[in-house]
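First the structure, in the form of structure tokens, and then the observations on it.
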Amino acid sequence: MIAPFFKYGLFGDEASLILAFLVGIGFGFFLERAGFGSARKLTAQFYLTDLTVFKVMFTAIITALLGIFYLSWIGWVDLSLVYVPNTYLAPQILGGLLLGFGFIVGGYCPGTSVVGTATGRFDGFIFLLGLMAGIFAFGEAYPLLEGFVNSTDLGPITLPEALHVSYGLVVFAVVAMAVVGFWGAGIVERKFAAKSVNDRIPNAEA
Amino acid sequence: MAATVATEAMKAGAAARHEAGTGPAPYMNPYLAGVGLGLVLLATFVLMGRGLGASGAFTSVVAVGVEAAAPEHARANEFYVGYLENGFGHPFKSFLVFEVLGLMVGGFLSGALAGRNRRTVEKGPRISTRGRLGLAFLGGGLMGVGSKLARGCTSGQALSGGAVLSVGSWAFMLMVFAGAYALAYFVRRQWL
């Protein structure tokens, strides 16, 4: 067991901030490469003409998931030291719903709006101002919301624990679902791209 | 058929314009970009034992702003205090604040290399710029509240929590997609 390096004290707090900056650069680079600095590219996911959001997100999830799984299997990473966020089921379900509304109304999510802003999208910058206004509203309402925000606390529970199956089985199931999803995404895109092109080009063949 | 031809023609056109120095480069293959993003996330897990995030950095900014304007008010609120007292001595000395600074630099670099950086407002042809900016602010606001209720956004919960198989992160992710698909029809004039 040698990783996570920070948890084993291989470097301190100050160095961790430099690393944060560096992984941030990689994060921003690949978000922009994928087209996620563009609100129209992102929202096309929800009109089914371009499923890049689904493809990139699930490829990233299974890459990191498989990576951490194999690294822990061969004994390089102590999986118990990798942070699993606590589950607060009810606030996370409501929060996810609001976030979905915000995504299609605003065109970005927080990370992608930073990339949009950095690449000149003024709507991305306005989105960020709205984001901070929303956080401020939440902060001011926090004394009233506190009870709900901390309700349905299930601790750092993972899918294998909740389903009482092995970690490997869930990893396999997620990868299998993603692969089927990628195959389906191609079919959906061809169908809806044809429809949207035909809407714009009169007399075009289907 | 027409769609495939049109798509291929658009791709070829974009590539040709880029080579002639007159237009942006096409985006990276989504699966390749996904692997890149996944490896960045994996590196963060291995180095730090934690994942990526975004909304938390802006919460630090809001908390510092509130404290500057009304110190006693901020100190009386547990939510702000959580971001003001992060154990590093200063609220901006946080993993997420530095990561988001990098995010800005990385996005700018990629856009510059591909010729995609330009001042513009992203919108469909059927909405005014003012209307689009109003909705961008409203959407950001919804996301601000949502990400605090859920304790994270698409980066911290869906991507990072999803990769460590957190139950709440997966429930959150499904709801994000459900919410966006549910409202897509009503705001279609903004995008299509």
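Decide, for the stretch A:115-202, between rounded, prolate and oblate: order the square roots of the alpha carbon gyration tensor eigenvalues as a ≥ b ≥ c, take rounded if a/c falls under 1.5, and otherwise choose prolate if a/b is larger than b/c, else oblate. Cα axes put the stretch A:115-202 in the oblate bin. Across the alpha-carbon atoms of the protein assembly as shown, the computed radius of gyration and Dmax are 20.7, 68 angstrom. Can you tell me the 0 to 90 degree angle between the C-alpha axis of helix B:95-114 and the longest principal axis of chain B, rounded to 10? It is inclined by approximately 10 degrees. The stretch B:151-172 and the stretch B:48-63 have Cα centres separated by 14 Å.
For the stretch A:13-200, rounded, prolate or oblate, judged on the Cα gyration tensor with a ≥ b ≥ c (square roots of eigenvalues), a/c < 1.5 rounded, else prolate if a/b > b/c? Rounded, since a/c falls under 1.5. Net charge in the neighbourhood of B:Thr44 (other residues with Cβ under 15 Å of its Cβ; Lys, Arg +1, Asp, Glu -1) is +1. The C-alpha atoms of chain A define a longest principal axis, and helix A:167-200 lies at about 20 degrees to it. A cut-off of 5 Å between modelled amide H atoms, ignoring neighbours fewer than 5 places along the same chain, links B:Gly23 with B:His18. Close amide-amide hydrogen proximity is noted between A:Tyr83 and B:Arg50, each under 5 Å apart and 5 or more residues distant or on a separate chain (H modeled in the peptide plane; Pro and chain starts excluded). For B:Lys123, the lysines whose Cα falls under 25 Å of its own Cα, not counting residues fewer than eight places away in the same chain, are A:Lys41, A:Lys55, A:Lys191, A:Lys195, B:Lys11. Normalising the Debye intensity of chain B to I(0), with uniform scatterers on Cα atoms only, and taking log10 at q = 0.10, 0.13, 0.19 Å⁻¹ returns -0.59, -0.99, -1.50. Taken one residue at a time, the phi angles of the stretch A:128-139 give Karplus couplings (6.51, -1.76, 1.60, θ = phi - 60°) of 4, 5, x, 4, 5, 4, x, 5, 4, 4, 4, x Hz. Gly and Pro are set to x.
A simple rule links phi to the HN-Hα coupling: the Karplus curve 6.51 cos²θ - 1.76 cosθ + 1.60 with θ = phi - 60°, which for the stretch B:73-80 gives 4, 5, 5, 8, 10, 4, 4, 5 Hz, with x for Gly and Pro.
In straight-distance terms, cross-link reach from B:Lys93 covers every one of the lysines whose alpha-carbon lies under 21 Å from its own, apart from those fewer than eight places away in the same chain; here that gives A:Lys7, B:Lys148. Within the shell of other residues whose beta carbon sits under 13 angstrom from the beta carbon of A:Gly181, the net charge comes to 0, with Lys and Arg scored +1 and Asp and Glu -1.
Rounded to whole numbers, the Karplus 3J(HN,Hα) couplings from phi for the stretch B:121-134 are 10, 7, 6, x, x, 9, 9, 6, 4, 4, x, 4, 5, x Hz, using 6.51 cos²θ - 1.76 cosθ + 1.60 with θ = phi - 60°, and x at Gly and Pro.
Between A:Tyr8 and any residue 5 or more places off or on another chain, the built amide H atoms are never under 5 Å apart.
Over the C-alpha atoms of the stretch B:30-123, the Rg to Rh ratio, Rh being the Kirkwood estimate, stands at 1.08.
Since every read-out is calculated from the coordinates, none of them should be taken as a lab result. The shown structure was predicted, so the numbers you read here are calculated from the model rather than taken from an experiment. Don't worry about glycine lacking a Cβ; one is built from the backbone with ideal geometry, like all the others, and counts go over all protein chains shown.
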